[in-house]
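So the structure is just underneath, and the comments pick up after that.
The values are calculated or read from the model by the stated rules, or taken from the named source; none is laboratory data. All of these numbers come straight from a predicted model, not from anything done at the bench. Cβ sites come from the backbone with ideal geometry, for glycine too, and all protein chains shown count toward neighbours.
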Amino acid sequence: MSLKMKTSKRRRSAWIVGGSLGVLFLFLQLFRPQLCNPPVVAEIAVPSRVRDILRKSCYDCHSNETKLAWFDQLAPASWLVAHDVREGRRYLNFSELGELPAAKQQGILFEAINQIELGAMPLRAYRWSHPDKMVSADDLATLKDYLISTSPQPIAGAAERNATLDQWMAWSHSNARPEVSPAPNGIPFFSDYKTWTAISTTDRWDNQTMRVVLGNAIAVDAIRQRTTNPWPDGAAFAKVAWAQDSDGSGNVQAGEFKQIEFMVKGAAKYADTNGWGWARWLGAELTPYGENAQFTGECIRCHTPVKSRDFVFTIPLETSR
């Protein structure tokens, strides 16, 4: 066969393949999913400068005001886009948050900002295909500054500082094991957590709280052996949170007790919640958090950005062998 005939045959094959793909592409457009925008129920209550950033970078997947680019509406990409929008609205919908108490709205916004800062949101594929939706460093600073402004650090007088210091001393020296109701998912309160080892500290810049993270013997041994990714079954953490009491001169101490959270590892037992059991108790009364077991969804969403570290934010302090 001559070179001319071979070239002609390849061209015909290319035209056939290209035409077939074109027909298939047009056929797929008949099966584009319907993605409607429901009415806005109650938009999140934030200043316009904050809402503008959220609208630009978040609303297309996390609101009832989705605006799709032309290429988002073409199948098969439209199938993935529709799925992501539905999932995004299910987890966080800025068009409905306004119905919640202000403190709850701020807490959800903190989680969203945390996801942005950790690089989990917007999704990588979305950032690649929509570079104009990126959250800039200035945007992130604006979001954080707003949240900080909603919870300014109060100046505690001598009487208040003495009262909370007394509460702290009573907590730290008490060996009592209170009877506490289990969390809605059945996880019991670990009444011996005060005997665990402090492995880290942290704070929440958005609500002026300070936290100490304690680990049980299994967790501490894993830290010493450097076998923390994944953590072994039975490892447990307690994160104890207090408000910050400031005297206005830069001195801060533990203030009112706020809550305690537990994470306990069980790869099989807690397989449905990423291998971890989650629980939280609020206030001095140690009231279990959550109306039902579904509250763990909040915990999982918050910890998803650190999936590569077995969903654990805490980077343990070095412990002696």
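All of L74, L68, L92, L80 fail the test of being under 30 Å from D203 (Cβ atoms) and of a type in the set (A, V, I, L, M), apart from L92. For region 100-143, taking the residues that are hydroxyl-bearing (S, T, Y) and closer than 24 Å to L80 by Cα, the one that is surrounded by the fewest Cβ atoms within 10 Å (Cβ to Cβ) is identified as S129. Got a sec? Which of A254, A268, A284 is more than 29 Å from R224 (Cα to Cα), in the same structural domain as F190 (by TED's automatic domain parsing) and either touching a strand residue (DSSP E or B) at 6+ places or on another chain (Cβ under 6 Å) or surrounded by fewer than 18 Cβ atoms within 10 Å (Cβ to Cβ) (or both)? None of the others qualify; the one that does is A284.
Take L92 and tell me if it is buried (at least 19 other Cβ atoms within 10 Å of the Cβ) and within 20 Å of the chain's Cα centre (by Cα). Explain how you work it out, then say what you get.
Values: buried (at least 19 other Cβ atoms within 10 Å of the Cβ): yes; within 20 Å of the chain's Cα centre (by Cα): yes.
Against the criterion (buried (at least 19 other Cβ atoms within 10 Å of the Cβ) and within 20 Å of the chain's Cα centre (by Cα)), L92 qualifies.
With respect to the conditions (1) at pLDDT 90 or above; (2) more than 19 Å from the chain's Cα centre (by Cα), H83 falls short on a single one, namely (1). Among residues of region 274-303 that are within 9 Å of N185 (Cβ to Cβ) and touching a residue at least 24 places away in the same chain (Cβ under 8 Å), those with a beta-carbon under 8 Å from a residue that is among the basic types (K, R) and assigned to a strand (DSSP E or B) at least six positions away or on a different chain give the pairs G277/K265; G290/R280; F295/R280. If you go through region 240-271 and keep only what is part of a loop (DSSP other than H, G, I, E, B) and under 23 Å from Y193 (Cβ atoms), you end up with G266, A267, K269, Y270.
Determine, yes or no, whether D221 is surrounded by fewer than 20 Cβ atoms within 10 Å (Cβ to Cβ) and without any contact (Cβ under 8 Å) to a residue 40 or more places away in the chain. Walk me through how you get there before you give the answer.
Working: surrounded by fewer than 20 Cβ atoms within 10 Å (Cβ to Cβ): yes; without any contact (Cβ under 8 Å) to a residue 40 or more places away in the chain: yes.
Here the answer is yes, as D221 does meet what is asked.
What number of residues within region 210-252 are closer than 12 Å to S200 by Cβ and charged (D, E, K, R)? Qualifying residue count for the region: 2.
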